[in-house]
Each structure stands twice: as structure tokens, then as C-alpha cells.
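Okay, so here's the structure we're looking at.
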Amino acid sequence: MAAHEVRKLTDLEALRTLSHPRRQRILDHLSAHGPATSADLARDLDLNTGATSYHLRELAKHGFVEEVPEKARGRERWWRHVPADIRFPLRSEQDDETRAVMDEMNARAYNEDVAAFRRALAASEPGGWGDAFPFSRGTVTVTLPQLAAFFEEYVALVMRYTDAGAADPEARRVHTRFLAFPDITD
């Protein structure tokens with residue numbers, strides 16, 4: 001598997017572009033299903049074609065998607081997700097506007113993840129992929145540099161497995177999440 005570019009987002013406009021809910025849906029779809037036209041995305045995501053084209057152009061302006069010229073026919077434009085290990089500014093590096101965007105984006109993403117997890121549980125049946133819900137909840141006692149190292153090891157592990165089963169027809173996309181926060185009772 002090729003390593004993804006590490007990209008630290010510090011530009012507030014790029015963060016706003018990425019945090020938009022419809023744009024997130026477009027990125028998720030392109031990441032999961034590969035290149036598509038704005039018409040395909042509009043149909044698959046139940047969105048307006050004109051708005052989808054606008055969102056794609058905004059995502060492209062900030063390097064989150066790019067055109068696929070070899071698939072284009074006539075005026076038809078194809079788009080693909082640009083894979084990257086996206087990093088966000090530390091809270092200490094965020095001004096009030098950036099913090100508001102980040103907090104809203106993180107809260108929305110977490111709520112969507114919990115909802116998707118619940119839907120997957122409800123749709124699962126025992127055996128096979130229905131047993132594919134490994135869960136771990138724990139605590140670690142670490143310093144800030146150790147937590148940073150822990151996170152980097154987690155990201156490296158996820159990256160190692162990102163496309164590990166891509167050639168196997170039995171493989172499925174599996175969502176992984178990392179959430180860490182200091183215990184405020186300490």
C-alpha cells in the first residue's frame with residue numbers, strides 16, 4: 001500500500017470546506033465507491049446536480065478531490081477523492097473561529113459515527129460479518145508525548161490495513177475510529 005500524504009489543515013476556509021455536511025457525504029461516497037460524475041453523486045446521494053457540481057469545485061479548490069481527465073467524455077467531468085492523512089490544528093493552535101468549526105465538525109462526525117454503528121448493529125446477523133464488531137474501551141496513563149506516539153502508531157496501523165484486502169472479493173470496508181480525551185476527574 002502506498003503511503004498517503006500527511007496534510008495538516010491550518011487554513012480556515014479549507015476547514016470550512018471540509019466540514020460542510022454535504023461535502024463530507026460526497027467525499028465519503030468517492031472514497032468508498034471510486035470516481036463519479038456530479039450527476040452520479042447527485043443521484044446516489046439524493047442531492048441537486050448543480051449544487052453537487054459546486055461542492056465538487058469547492059472540494060477541488062482545496063485539494064480534497066481532483067478531476068479524472070482520462071474518464072471524461074465531452075462535457076462530462078469525473079471526480080475522485082484524493083487520499084491523505086489529514087491532520088487538524090491542535091486546540092492551542094486554533095483561534096475562536098477555527099475552534100468553532102472544528103468543534104462542530106467533530107461533534108457532527110461523532111454523532112454520525114454512532115448512528116452508523118447502531119444501523120450496522122441492527123442490520124447484523126450472527127456469524128460471518130455479523131460477528132465483526134470488535135470493541136475495546138480502556139484507559140492509558142501517558143504523558144502528552146506518549147499520547148502523540150500512541151496516536152501515530154494507531155494511524156500507521158490503520159494505514160497498513162487501508163487496502164490490505166482490496167484484491168479479495170470477500171473483503172469489505174470496515175470503519176475504524178480513534179477517540180482519546182483526558183479524564184477531567186483527575
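Results, tabulated for the structure shown:
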item: Residues located in segment 47-84, provided they are touching an Asp or Glu at 6+ places or on another chain (Cβ under 7 Å) and over 16 Å from T17 (Cα atoms); result: R77, W78, W79, R80
item: Restricting segment 19-38 to residues that are more than 21 Å from A116 (Cβ to Cβ) and either free of Cβ contacts under 8 Å to residues at least 12 places away in the same chain or of a type in the set (S, T, N, Q) (or both), the residue that is surrounded by the most Cβ atoms within 10 Å (Cβ to Cβ); result: S38
item: Failed item in (1) touching a helix residue (DSSP H, G or I) at 6+ places or on another chain (Cβ under 7 Å); (2) in contact (Cβ under 8 Å) with a residue 40 or more places away in the chain, with F178 passing the rest; result: (2)
item: Selected residue [outside any loop (DSSP other than H, G, I, E, B), open to solvent by 80 Å² or more (accessible area, probe 1.4 Å) and at negative phi] from R99, R118; result: R118
item: When residues of segment 141-176 are limited to those that are over 26 Å from R7 (Cβ atoms) and open to solvent by less than 90 Å² (accessible area, probe 1.4 Å), the one nearest to the chain's Cα centre (by Cα); result: A171
item: Only listed residue being part of a helix (DSSP H, G or I) and β-branched (V, I, T), chosen from V155, V142; result: V155
item: Lone qualifier among R108, R77 - being open to solvent by 50 Å² or more (accessible area, probe 1.4 Å), closer than 30 Å to P35 by Cα, in contact with a strand residue (DSSP E or B) (Cβ under 7 Å, 6 or more places away or on another chain) and not polar (S, T, N, Q); result: R77
item: Total residues in segment 126-140, condition among the small types (G, A, S) and surrounded by 12 or more Cβ atoms within 10 Å (Cβ to Cβ); result: 1
item: L56 farther than 25 Å from A167 by Cα, surrounded by 13 or more Cβ atoms within 10 Å (Cβ to Cβ), over 13 Å from the mean Cα position of the chain (by Cα) and not β-branched (V, I, T); result: yes
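The values are calculated or read from the model by the stated rules, or taken from the named source; none is laboratory data. Computed from a prediction, not measured in an experiment: that's the story for all the values here. Methodologically, a virtual Cβ is constructed for each residue, glycine included, from the backbone with ideal geometry; neighbour enumeration extends over all protein chains shown. For the accessible areas, the whole protein counts, side chains as well, though only heavy atoms, and no ligand, DNA or RNA atoms are used. Shrake-Rupley method; radii C 1.70, N 1.55, O 1.52, S 1.80 Å.
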